[in-house]
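K.L.:
Sending over a structure as structure tokens; questions will come in a sec.
The values are calculated or read from the model by the stated rules, or taken from the named source; none is laboratory data. Not measured: the values here are computed from a predicted model. Here the Cβ is made from the backbone with ideal geometry for all residues, glycine too, and neighbour counts use every protein chain on show. For the accessible areas, the whole protein counts, side chains as well, though only heavy atoms, and no ligand, DNA or RNA atoms are used. Shrake-Rupley method; radii C 1.70, N 1.55, O 1.52, S 1.80 Å.
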Amino acid sequence: QVQVVESGGGLVQAGGSLRLSCTASGSILSINAMGWYRQAPGAQRELVASITRGGGTNYAESVKGRFTISTDNAKNTVYLQMNSLKPEDTAVYYCNVDVRYYRSGIFRSDIYWGQGTQVTGSS
């Protein structure tokens, strides 16, 4: 089994900063990619940023230049540094991990989600 645990959410004034962390643990051979999604009330879940094992990154247009995704591969941890926060960044942020593992004689890949962490940007 794989566990994904996020931390770092909270309330911050507009213009402030927060850093989210997410660590995957368990029966992991390697991690193919990690990412952050968010879901605001009444809205669909959307990609915020993602990073591949090779370091390639992808950002939503709305966060480019303000948010930075990074990883500590040795710790199976992904970070999201959020600067210049806006009220519209308010959402529950979810970590997403694409994990490669070995079970019953077969190499497999599956997506795992964290439980979510609330980020609130106050105006």
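K.L.:
Looking only at the range 18-48, filter to residues that are open to solvent by less than 60 Å² (accessible area, probe 1.4 Å) and part of a loop (DSSP other than H, G, I, E, B); which one of those is farthest from Ala60 (Cα to Cα)?
P.N.:
Ranking the qualifying residues of the range 18-48, first place goes to Ile28.
K.L.:
In the range 77-123, what residues are modelled with pLDDT of 95 or more, more than 20 Å from Met34 (Cβ to Cβ) and touching a helix residue (DSSP H, G or I) at 6+ places or on another chain (Cβ under 8 Å)?
P.N.:
Answer for the range 77-123, where residues must be modelled with pLDDT of 95 or more, more than 20 Å from Met34 (Cβ to Cβ) and touching a helix residue (DSSP H, G or I) at 6+ places or on another chain (Cβ under 8 Å): just Glu88.
K.L.:
I would also like to ask the following. Please count how many residues of the range 7-17 are open to solvent by less than 40 Å² (accessible area, probe 1.4 Å) and either in a strand (DSSP E or B) or of a type in the set (D, E, K, R) (or both).
P.N.:
Qualifying residue count, the range 7-17: 2.
K.L.:
Could you tell me which residue of the range 73-117 is farthest from the chain's Cα centre (by Cα), considering only residues that are outside any strand (DSSP E or B) and crowded, with 20+ Cβ neighbours inside 10 Å?
P.N.:
In this case the residue turns out to be Leu85.
K.L.:
Consider Gly56 against the criteria (1) modelled with pLDDT of 95 or more; (2) open to solvent by less than 60 Å² (accessible area, probe 1.4 Å); (3) in contact with a strand residue (DSSP E or B) (Cβ under 8 Å, 6 or more places away or on another chain): it satisfies all of them except one. Which criterion is unmet?
P.N.:
(3)
K.L.:
State whether one or more residues within the range 54-71 are under 16 Å from Gln115 (Cα atoms), among the aliphatic types (A, V, I, L, M) and in contact (Cβ under 8 Å) with a residue 24 or more places away in the chain.
P.N.:
no
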